[in-house]
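Student: Mind having a look at this structure? Questions to follow.
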Amino acid sequence: MVVAILLLLVAVASVLFHLYSPWWWTPIASNWSYIDHTINLTFWITGAVFCAVIAFMAYCVLRFHHTEGRRAHYNPENKKLEWWLSIGTAIGVVAMLAPGLIVWHQFVTVPADATDVEVVGQQWMWSYRLPGKDGRLGTSDARLISSDNPLGLNPNDPNGQDDIVVQNEDLHLPVGKPVKVLLRSIDVLHDFYVPEFRAKMDMIPGSVTYYWLTPTRTGTFDVLCAELCGAAHAQMRSKVVVEEEKEYHAWLDKQHTFAALSGQRNVAKAAYKTGSE
Amino acid sequence: MVDIPFDQVAGIPPAEVAEVELYHPHSWWTRYVFSQDAKVIAVQYSITAMSIGMVALVLSWMMRLQLGFPGTFSFIDANQYLQFITMHGMIMVIYLLTALFLGGFGNYLIPLMVGARDMVFPYVNMLSYWVYLLAVLVLAATFFVPGGPTGAGWTLYPPQAILSGTPGQDWGIVLMLASLILFIIGFTMGGLNYVVTVLQARTRGMTLMRMPLTVWGIFTATVMALLAFPALFVASVMLLLDRLLGTSFFMPTLVEMGQLTKYGGGSPILFQHLFWFFGHPEVYIVALPAFGIISDLISTHARKNIFGYRMMVWAIVAIGALSFVVWAHHMYVSGMHPYFGFFFATTTLIIAIPTAIKVYNWVLTLWRGDIHLTVPMLFALGFIVTFVNGGLTGLFLGNVVVDVPLSDTMFVVAHFHMVMGIAPIMAVFGGIYHWYPKVTGRMLNDALGRFHFWVTFIGAYAVFFPMHYLGLLGMPRRYHDIGETTFVPASAHDLNAFMSVAALIVGFAQLVFLFNLVWSLFKGKEAGGNPWGATSLEWQTPETPPGHGNWGKELPVVYRWAYDYSVPGAARDFIPQNEPPAKVLAQGAHP
């Protein structure tokens, strides 16, 4: 009796916690509400199965608890029942998998009009690079990294000269425009993670990974690293500011291009040299 | 059981060493220390595994103290937190659960349950334990070397695992990899033994389809481990070469602390593929023995045959096979080719079907049973609740697009603790309460056992069920302190504190269990040979605890499957596997 009630309580408490606890996902800020819907669907199906199994177990414990003279039923197999249960399970699995795969197809299909944005991870800070007027990012190579060129951009690539480099500062994005986030790391694995965007992907030194999204509301959102990257993993933070087109362009105009930055450094170097002489 | 005729014993010759040929110990040393008796080796494995497991338990307290009350304890910093999670995970998964299920339960139960005198290669079996002990000692040594143990996370992902931004880069990671290599060598020696013993040393009449599901679970898990561990072995060797000799198997051109390294051309994702080709089967290497043990506990203590035995066997085999084609579901956001997601999500969700069948058959075994709520039965019920819970959240993480927001958050931590932490530990405890009387001849204390069960079950559920919701909220894993954010409300910190208190209480309940193990050894109630009225062969030994060679002069002959409980017409509510049909009929004549 007590055992049956406690088992039922576990199921009831779990459902109540799910319905009434204040801990739930953050209000979404991207086009990936499909993902939220798929999670909700999965919650409904798995929740029903969980409650059914526990309730049946509690019933058995209550009803078939040992008493003097009780004898168990001898029933080795019931092929029909086992087949029906397997088929029912298969239907439930398909009901979750099919929408999941459809949404995954959208997730990996980048729209043609998406703008490139590069995110570069390194221990333990974030940098960003946006294409200039030509709409194209220049090439990069880890071997080119130096204190003058911390992102390893190719100085001989004409496409890269007008790239806008945002180092260790917030990234700004225009609301409502699809972006393809190109992810690059120069040391270890990182993961560009904005909880409100729902999307995330690891960054791997030696390759460029990506995902795409369309920011759907303005605001300032936390950027965290979601792949263990060493001692200061938890402190590797930044922010993404999603804003209206006009404000975005105002911010963009204040940023520096790769050419300007390397020019400044060369001037600074030259000034230092002449000064010391 | 209509389809398995109980009177057919021909066809299986006893491929077994005769009693006289056994190597009998001649001294205290060869009897208790360098023993070749599988039962002694089993106890050695279990004690070693539980000892190092206690270390991992203490580490989990440290982690929970830090998460529940960040900044309060000056002796835990970011580096140490990473070292704690790494060592906790590695110890629990490999050095505790794998060693305990296969080295502990496997060694004790396989020869007894299939009616053999011992493992077929007793000397190799002894070596297996000593190499395992060496692996544990090397692992434990990392706590005392300069720089401490590695803090790379139990997945040991390069490049960070061997670079200077990660704690334990000097000695910790090297010893960790050396210890894993030793563990795999030791396991292989034991594993070959378990497989060959099941295939070659079964007694007369013990067909494969008459074996208890515990043997099926351990056997299948061992075959899987023999196929999966080599992937970890080569990954460990390659990573060790990258670390010590400067090879670049897993290391592309990269920068370390602002300096360009000499590495170049390697692939970090290759390590992940090798790791998870081992790592996913590893989940089932831990789960399948638990499935088997739970099946036997439920059947014995509900006095009812396991429902759908053949389906249960095929489900174990199917899960074992499928688990080799799902590994990349751990890598949906690793940056591998996104189209892999379609394949691995499909295979992963297919595995839910045989797994669900097992759950249905357990609860259908309870149905119309004669349920004795003994301590092993309570743990079996606790296993079903936590396993169903953790299995169902696996359907979230296995479904590729749902995994994207949830991966690397506390949801993952909650999921795998529920499904391969709490659930298998429930099976371990249930198994220990069930077989302790056979191992020692005495019962474990019942009241302490019930206390241990309820605190562990409710407490662990209270730790890990709410944790899923922190993950939904977006709280990442492997953070010693979430710090300043805009999306984590203050109430989440209260929840963390609550979970930490629950975890500490669960931890202390394990001390009660350890006390019970020692106390009952001397003061426990005398058990007799078959206290639960069980059918399988280990309960039919002439002596309890069984002597060296298990069976005295003659090996048992098996006439039936292991689940003849409450057979209509039989006098008792169980018929041992080795009871001849004539005797059953004679007894059945008296209603």
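The values are calculated or read from the model by the stated rules, or taken from the named source; none is laboratory data. All values reported here derive from a predicted model rather than from experimental measurement. Here the Cβ is made from the backbone with ideal geometry for all residues, glycine too, and neighbour counts use every protein chain on show.
Student: Can you pull out the residues in the stretch B:323-343 that are surrounded by fewer than 22 Cβ atoms within 10 Å (Cβ to Cβ), within 11 Å of chain A (Cβ to nearest Cβ) and part of a helix (DSSP H, G or I)?
Tutor: Scanning the stretch B:323-343 gives B:F340, B:F342, B:F343.
Student: Among the listed residues B:F75, B:F84, identify the single one that is assigned to a helix (DSSP H, G or I) and under 30 Å from B:S491 (Cβ atoms).
Tutor: Values: B:F75 fails: assigned to a helix (DSSP H, G or I).
Among B:F75, B:F84, only B:F84 is assigned to a helix (DSSP H, G or I) and under 30 Å from B:S491 (Cβ atoms).
Student: Quick check on this structure: which one of B:F271, B:F278 is over 11 Å from B:L213 (Cβ atoms) and within 14 Å of another protein chain (Cβ to nearest Cβ)? Outline the logic, then answer.
Tutor: Details: B:F278 fails: within 14 Å of another protein chain (Cβ to nearest Cβ).
Answer to the selection: B:F271.
Student: Any chance the stretch B:532-539 includes a residue that's surrounded by 14 or more Cβ atoms within 10 Å (Cβ to Cβ), closer than 28 Å to B:M426 by Cα, of a type outside the set (V, I, T) and touching a His at 6+ places or on another chain (Cβ under 6 Å)?
Tutor: From the stretch B:532-539, those surrounded by 14 or more Cβ atoms within 10 Å (Cβ to Cβ) are B:532-539; that's our starting set.
Narrowing further to those that are closer than 28 Å to B:M426 by Cα: B:532-539.
So of that shortlist, the ones also of a type outside the set (V, I, T) come out as B:532-534, B:536-539.
In the following step, the residues that additionally are touching a His at 6+ places or on another chain (Cβ under 6 Å) were identified as none.
No, the stretch B:532-539 has no match at all.
Student: Quick one: how many residues across the stretch A:47-74 are more than 7 Å from every other protein chain (Cβ to nearest Cβ), more than 14 Å from B:V359 (Cα to Cα) and without any contact (Cβ under 8 Å) to a residue 60 or more places away in the chain? Give the derivation first.
Tutor: Filtering the stretch A:47-74 for residues more than 7 Å from every other protein chain (Cβ to nearest Cβ) gives A:47-48, A:51-52, A:55, A:58-59, A:62-63, A:67-69.
Restricting the remaining residues to those that are more than 14 Å from B:V359 (Cα to Cα) gives A:47-48, A:58-59, A:62-63, A:67-69.
In the following step, the residues that additionally are without any contact (Cβ under 8 Å) to a residue 60 or more places away in the chain were identified as A:47-48, A:58-59, A:63, A:67-69.
Residues that pass the stated criteria total 8.
Student: For residues in the stretch A:75-86 being of a type in the set (D, E, K, R) and more than 7 Å from every other protein chain (Cβ to nearest Cβ), which is surrounded by the fewest Cβ atoms within 10 Å (Cβ to Cβ)?
Tutor: A:K80
Student: Given the conditions (1) more than 14 Å from every other protein chain (Cβ to nearest Cβ); (2) of a type in the set (G, A, S); (3) part of a helix (DSSP H, G or I), and given that B:A116 satisfies all but one, which numbered condition is not satisfied?
Tutor: Result: B:A116 passes all but (3).
Student: Considering (1) at pLDDT 95 or above; (2) more than 8 Å from every other protein chain (Cβ to nearest Cβ), say which one B:T346 fails and leave the rest.
Tutor: (2) is the only condition that B:T346 fails.
Student: Here's another thing I want to ask about it. What is the number of the single condition among (1) under 22 Å from the mean Cα position of the chain (by Cα); (2) under 30 Å from B:L244 (Cβ atoms) that B:I218 does not meet?
Tutor: Of the numbered conditions (1) under 22 Å from the mean Cα position of the chain (by Cα); (2) under 30 Å from B:L244 (Cβ atoms), the odd one out for B:I218 is (2).
Student: Go through the residues of the stretch A:11-21 one by one and say whether even a single one is part of a loop (DSSP other than H, G, I, E, B) and surrounded by fewer than 15 Cβ atoms within 10 Å (Cβ to Cβ).
Tutor: For the stretch A:11-21, residues part of a loop (DSSP other than H, G, I, E, B) and surrounded by fewer than 15 Cβ atoms within 10 Å (Cβ to Cβ): present.
Student: On to the next question. Just checking, does the stretch B:309-317 include any residue being under 18 Å from B:T365 (Cβ atoms), assigned to a helix (DSSP H, G or I), of a type in the set (A, V, I, L, M, F, W, C) and away from chain A (no Cβ under 14 Å)?
Tutor: Taking the stretch B:309-317 and keeping what is under 18 Å from B:T365 (Cβ atoms), we get B:309-316.
If we keep only those that are assigned to a helix (DSSP H, G or I) too, we end up with B:309-316.
Now restrict to residues that are of a type in the set (A, V, I, L, M, F, W, C): B:311-316.
If we keep only those that are away from chain A (no Cβ under 14 Å) too, we end up with B:316.
Yes, there is a match, as at least one residue in the stretch B:309-317 is under 18 Å from B:T365 (Cβ atoms), assigned to a helix (DSSP H, G or I), of a type in the set (A, V, I, L, M, F, W, C) and away from chain A (no Cβ under 14 Å).
Student: Does the stretch B:435-475 hold any residues that are among the polar types (S, T, N, Q) and either within 14 Å of chain A (Cβ to nearest Cβ) or under 30 Å from B:G394 (Cα atoms) (or both), and which are they?
Tutor: From the stretch B:435-475, those among the polar types (S, T, N, Q) are B:440, B:445, B:456; that's our starting set.
Residue satisfying the conditions is B:T456 alone.
Student: Now for a different question. Could you list, ordered by first residue, the pairs with Cβ atoms under 6 Å in which the first is in the stretch A:22-46 and facing chain B (nearest Cβ under 7 Å) and the second is assigned to a helix (DSSP H, G or I) and among the charged types (D, E, K, R), at least 6 apart or interchain?
Tutor: A:T26/A:E196
Student: For the stretch B:259-268, check the following and say yes or no: at least one residue is in contact (Cβ under 8 Å) with a residue 12 or more places away in the chain, in contact with a helix residue (DSSP H, G or I) (Cβ under 8 Å, 6 or more places away or on another chain) and closer than 27 Å to A:R143 by Cβ.
Tutor: Yes, the stretch B:259-268 contains at least one residue that is in contact (Cβ under 8 Å) with a residue 12 or more places away in the chain, in contact with a helix residue (DSSP H, G or I) (Cβ under 8 Å, 6 or more places away or on another chain) and closer than 27 Å to A:R143 by Cβ.
Student: Is there any pair with a first residue in the stretch B:49-73 that is more than 16 Å from B:V413 (Cβ to Cβ) and a second that is hydroxyl-bearing (S, T, Y) whose Cβ atoms are under 8 Å apart and which are 6 or more apart or on different chains, and what are they?
Tutor: B:A49/B:Y95; B:I52/B:Y95; B:G53/B:Y95; B:L65/B:T72; B:L65/B:S500; B:F69/B:S500
Student: Do you know which residues across the stretch B:143-172 are over 24 Å from the mean Cα position of the chain (by Cα) and β-branched (V, I, T)?
Tutor: B:V145, B:I162, B:T166
Student: Also, quick follow-up: Scanning the stretch B:441-490 for residues that are assigned to a helix (DSSP H, G or I) and over 29 Å from B:L381 (Cβ atoms), which turns out modelled with the lowest pLDDT?
Tutor: Filtering the stretch B:441-490 for residues assigned to a helix (DSSP H, G or I) gives B:446-473, B:490.
Filter once more, keeping what is over 29 Å from B:L381 (Cβ atoms): B:473, B:490.
Working: B:L473: 95, B:A490: 91.
Restricting to residues being assigned to a helix (DSSP H, G or I) and over 29 Å from B:L381 (Cβ atoms), the top hit is B:A490.
Student: Using the structure shown, decide if A:D202 is farther than 22 Å from B:S334 by Cβ, touching a helix residue (DSSP H, G or I) at 6+ places or on another chain (Cβ under 9 Å) and facing chain B (nearest Cβ under 7 Å). Step through it out loud before you land on a result.
Tutor: Numbers: farther than 22 Å from B:S334 by Cβ: no; touching a helix residue (DSSP H, G or I) at 6+ places or on another chain (Cβ under 9 Å): yes; facing chain B (nearest Cβ under 7 Å): yes.
No; evaluated as a whole, the condition is false for this residue.
Student: Hey, any hits in the stretch B:365-376 for a residue that's part of a helix (DSSP H, G or I) and out of contact with any Gly (no Cβ under 9 Å at 6 or more places or on another chain)? Walk me through how you get there before you give the answer.
Tutor: Here is the first cut: in the stretch B:365-376, the ones part of a helix (DSSP H, G or I) are B:365-366, B:375-376.
From the residues that got through so far, the ones that are out of contact with any Gly (no Cβ under 9 Å at 6 or more places or on another chain) too are B:366.
Yes, the conditions are met somewhere in the stretch B:365-376.
Student: Kindly indicate whether any position in the stretch B:15-32 is crowded, with 19+ Cβ neighbours inside 10 Å and either closer than 28 Å to B:L555 by Cβ or at pLDDT 80 or above (or both). Lay out the reasoning, then the answer.
Tutor: The initial filter retains those residues of the stretch B:15-32 that are crowded, with 19+ Cβ neighbours inside 10 Å, namely B:16.
The next check asks that each one be either closer than 28 Å to B:L555 by Cβ or at pLDDT 80 or above (or both); those that pass are B:16.
Yes, there is a match, as at least one residue in the stretch B:15-32 is crowded, with 19+ Cβ neighbours inside 10 Å and either closer than 28 Å to B:L555 by Cβ or at pLDDT 80 or above (or both).
Student: For the list (1) in contact with a His (Cβ under 9 Å, 6 or more places away or on another chain); (2) within 11 Å of another protein chain (Cβ to nearest Cβ); (3) part of a strand (DSSP E or B), I need the number of the one condition that A:E227 fails.
Tutor: Among (1) in contact with a His (Cβ under 9 Å, 6 or more places away or on another chain); (2) within 11 Å of another protein chain (Cβ to nearest Cβ); (3) part of a strand (DSSP E or B), A:E227 violates only (3).
Student: One residue is enough: does the stretch B:523-546 have a residue meeting the conditions assigned to a helix (DSSP H, G or I), under 18 Å from B:R450 (Cα atoms) and more than 10 Å from every other protein chain (Cβ to nearest Cβ)?
Tutor: Just the residues of the stretch B:523-546 that are assigned to a helix (DSSP H, G or I), to begin with: B:523, B:537-540.
Among the residues that remain, those that are also under 18 Å from B:R450 (Cα atoms) are: B:523.
Among the residues that remain, those that are also more than 10 Å from every other protein chain (Cβ to nearest Cβ) are: B:523.
Yes; the residues of the stretch B:523-546 include at least one that is assigned to a helix (DSSP H, G or I), under 18 Å from B:R450 (Cα atoms) and more than 10 Å from every other protein chain (Cβ to nearest Cβ).
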